[in-house]
Amino acid sequence: MLQVLIGIVVIALVIVGGLYFFQRSAINRINDLQARKQQLVERRLGQSIKDGSQLSLTGDSLDQFNELKERYQKVHDKQFPQIDELADETRNDAHGINFILTNQKINQLSELVSKAEEELKAVQSSLKELQKVDQTHKQAVSELEKKYQKLRKELLSENFRFGPSIDQLEERLSSLEDQFDQFSQLTAKGDHSKAHEVLVELRSQTAALEKVIAAVPEQFAKLNVTYPDQLTELNAGYQKLLDDNFKFADADIQTEIENIAKQRQETLDKLASLDTDAVSKANDSIDRQIDHLYDVMQKEIDARPQVEKLMPEISKFVIHAQNQNHELLIELDRLSQNYALDHAEIETTRGLAEQIKAIEKDYQEDINNIRAHTAIDSQVLSRQQDANEKLTQIELQQTEVNDSVAGLQDDEKKAKDTLNRFATEIHAIKRQVELLNLPGLPKEYLDYFFVVSDEITKLDQDINRIKINMEDITKQLLIVQADLETLQEKTDDIRDSSQLTERLLQYANRFRENNAEVDAAAQKSQELFSKDHDYAASLEAIATVIDKVEPGSYKRLEKNYYDTQVK
């Protein structure tokens with residue numbers, strides 16, 4: 001029984017404790033919500049509404065302000081009392097035990113406070129924006145008023161810098177000032193919505209006018225001062241150059257000067273209508289045309305002293321090239337009597353003569369035009385500079401032709417000396433073979449010997465003709481030289497093979513009686529030597545067997561043979 005009582009007491013204590021905790025928590029939440037509402041009251045938004053009433057608003061701006069004022073009053077007069085009433089009611093309920101109802105009312109109270117916060121925040125933000133617009137417009141009135149005063153002062157005090165555009169500039173400024181007056185009135189009345197529309201357009205047109213006013217003085221200065229001065233200078237310079245007998249190609253300078261003057265006047269008309277973009281493009285075009293005329297005249301001025309210096313040099317150059325060409329043709333004609341000229345030396349030289357003739361013709365025409373005061377100096381300079389380059393190349397070619405034939409006589413003498421040496425060498429080879437006293441010579445060797453002999457004979461015939469071809473003779477010399485060297489090698493081979501064979505046959509006699517193989521090899525070697533005249537085969541036939549019977553004997557005998565030869 002006691003335990004049951006204790007359980008009941010514990011449960012009661014838990015319930016009482018839970019009830020106390022809920023009540024304290026609910027009251028704290030209610031107090032927090034009322035504190036948030038009090039913060040809204042203390043924002044002094046009402047004072048901001050009163051301040052807004054002093055802005056003298058009209059039109060859409062006034063409608064907007066009245067709407068904000070009504071929204072504020074609705075919160076202040078209706079929502080705040082509702083919050084206070086619901087807070088008191090909920091606080092009383094919190095002392096009871098209806099937890100669910102109390103919690104629902106707290107949530108409802110929280111929603112009312114949040115809505116009030118959001119509404120007043122929106123109202124306050126809109127009020128600030130309205131005040132900001134009012135301040136911005138009033139500041140714009142001050143700024144624009146100062147700007148227009150400055151522009152008006154600039155146009156009045158410096159109207160000479162704007163030329164024919166001054167009337168349009170003043171008219172546009174007056175129009176802006178009228179719009180500014182409208183903006184000022186709307187701002188003063190507080191109709192900021194309409195004032196904003198006027199301000200946007202006003203600022204755009206003001207910026208455009210400032211841009212024009214900044215651009216016009218420089219453009220007008222070019223059209224009114226720079227270009228007239230340059231055209232006067234160009235005209236005077238052109239007349240002076242004409243007096244000094246200057247001529248110009250593809251340029252009617254006087255007409256171009258007149259056209260530029262006409263364009264200048266047309267551009268002034270564009271400036272009067274404030275079409276500054278068109279004026280800028282027109283001025284750029286005039287700049288280019290004037291620069292072109294200066295360049296055209298300066299080109300001729302620069303060319304004349306160069307022409308005066310170059311013409312005498314070209315005259316001397318032409319004469320020198322002609323003399324060089326004439327002497328070269330004479331020399332080629334003389335050489336062609338005795339030598340074949342296979343590289344078109346004469347044709348090339350005659351072609352160069354024609355080039356010199358054409359250069360001389362152009363030179364003479366330019367000289368005549370200079371004397372007649374009809375020459376265009378820059379064209380003369382270009383032609384004669386080209387002529388100078390051509391003459392330089394012509395003389396180089398003529399020198400190359402001369403160098404290519406200059407050594408023909410020396411080459412002929414050297415060729416004859418070489419031919420004599422070849423004849424001596426082949427005679428010596430023939431004598432060398434005869435001294436070997438051989439039974440005969442291999443057909444291959446004899447054929448080669450006679451080929452070389454015939455080559456020397458042909459070379460002798462070609463080199464002693466009335467008109468010789470040194471290029472062909474040079475080729476023959478190289479061939480004969482190589483063939484003679486080969487013939488000498490073949491002769492040396494026959495000499496060495498035959499003499500070594502004779503020595504080996506003598507050495508083999510000591511083995512023939514007792515060695516049938518040596519005897520047979522000796523007979524074969526003798527037959528190859530005496531009948532076939534194949535001395536290399538004869539040597540191989542006996543050497544192989546001797547070396548077999550007495551290893552190393554062939555190498556020893558061969559060494560002894562070469563050691564006894566004349567070094």
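Bear in mind these aren't lab numbers, they're just calculated from the coordinates by the rules spelled out. None of the values given here were measured: they were computed from a predicted structure. Methodologically, a virtual Cβ is constructed for each residue, glycine included, from the backbone with ideal geometry; neighbour enumeration extends over all protein chains shown.
Along its first, second and third principal axes, ordered by size, the range 370-427 spans 79, 16, 7 Å in Cα coordinates. May I ask which of Lys115/Lys194; Lys240/Lys316; Lys357/Lys390; Lys430/Lys458; Lys413/Lys458; Lys414/Lys490 have a Cα-Cα span longer than 21 Å here? With Cα atoms farther than 21 Å apart: Lys115/Lys194; Lys240/Lys316; Lys414/Lys490.
Mind giving me the nanometre distance, one decimal, between the label points for Ala423 and Ile330, set 7 Å out from Cα along Cα→Cβ? Roughly 3.6 nm, to one decimal. The HN-Hα couplings worked out from phi for the range 436-444 by the Karplus form 6.51 cos²θ - 1.76 cosθ + 1.60 (θ = phi - 60°) are 6, 6, 7, x, x, 10, x, 4, 4 Hz, whole numbers, x standing for Gly and Pro.
With contacts taken as Cα pairs under 8 Å and at least 6 residues apart, the range 220-406 reaches a relative contact order of 29 percent.
A simple spin-label model places the labels of Glu210 and Leu242 5.1 nm from each other, with each point 7 Å out along Cα-to-Cβ. Of the residues Leu329, Ala272, Asn259, the one whose Cα sits farthest toward the positive end of the charge dipole of the range 220-406, with +1 on the Cβ of Lys and Arg and -1 on the Cβ of Asp and Glu, is Ala272. Label positions at Gln393 and Lys559, each projected 7 Å from the Cα along the C-beta direction, are separated by 7.1 nm.
The stretch between Val451 and Gln322 holds 41.4 nm of extra length on full extension. This uses 0.36 nm per residue minus the Cα-Cα distance. Charge dipole (Cα centre; +1 on Lys/Arg Cβ, -1 on Asp/Glu Cβ; no other charges) of the range 464-550 amounts to roughly 300 debye. Computed from point charges on the beta carbon alone (+1 for Lys and Arg, -1 for Asp and Glu), the dipole magnitude for the range 419-564 about its Cα centre is near 280 Debye. Rounded to the nearest Hz, the phi-derived 3J(HN,Hα) couplings of the range 554-562 under the Karplus curve 6.51 cos²θ - 1.76 cosθ + 1.60 (θ = phi - 60°) are 5, 4, 5, 5, 5, 5, 4, 5, 5, where x marks glycine and proline.
Close amide H pairs (under 5 Å, H built 1.01 Å from N) link Tyr339 with Ile468, residues at least 5 positions away or on another chain.
Coupling constants for the range 468-479 follow from the phi torsions by the Karplus curve (6.51 cos²θ - 1.76 cosθ + 1.60, θ = phi - 60°), and in residue order they are 10, 10, 5, 5, 5, 4, 4, 4, 4, 4, 5, 5 Hz; glycine and proline get x. If R0 is 45 Å, the Cβ-Cβ spacing of Asp532 and Asn469 corresponds to a FRET efficiency of close to 0.55. With 0.36 nm allotted per residue and the present C-alpha distance subtracted, the Ala482-Leu436 stretch has 14.1 nm of extension available.
If the segment from Glu502 to Gln523 were pulled out straight at 0.36 nm per residue, it would be longer than the present Cα-Cα gap by 6.3 nm.
A compact globular protein would have a Cα radius of gyration near 2.2 N^0.38 Å; the ratio found for the range 220-406 is 1.63. Please list log₁₀ I(q)/I(0) at q = 0.11, 0.18, 0.21 Å⁻¹ for the range 271-351, using the Debye equation with identical point scatterers on the alpha-carbon positions. Taken in order of the listed q values, log10 I(q)/I(0) reads -0.61, -0.86, -0.96. Rounded to the nearest whole angstrom, the semi-axes of the ellipsoid equivalent to the range 262-302, taken from the Cα gyration tensor as √(5λ), stand at 28, 9, 4, largest first.
The Cα trace of the range 419-564 gives Rg and Dmax of 20.0, 71 Å, the first to one decimal, the second as a whole number.
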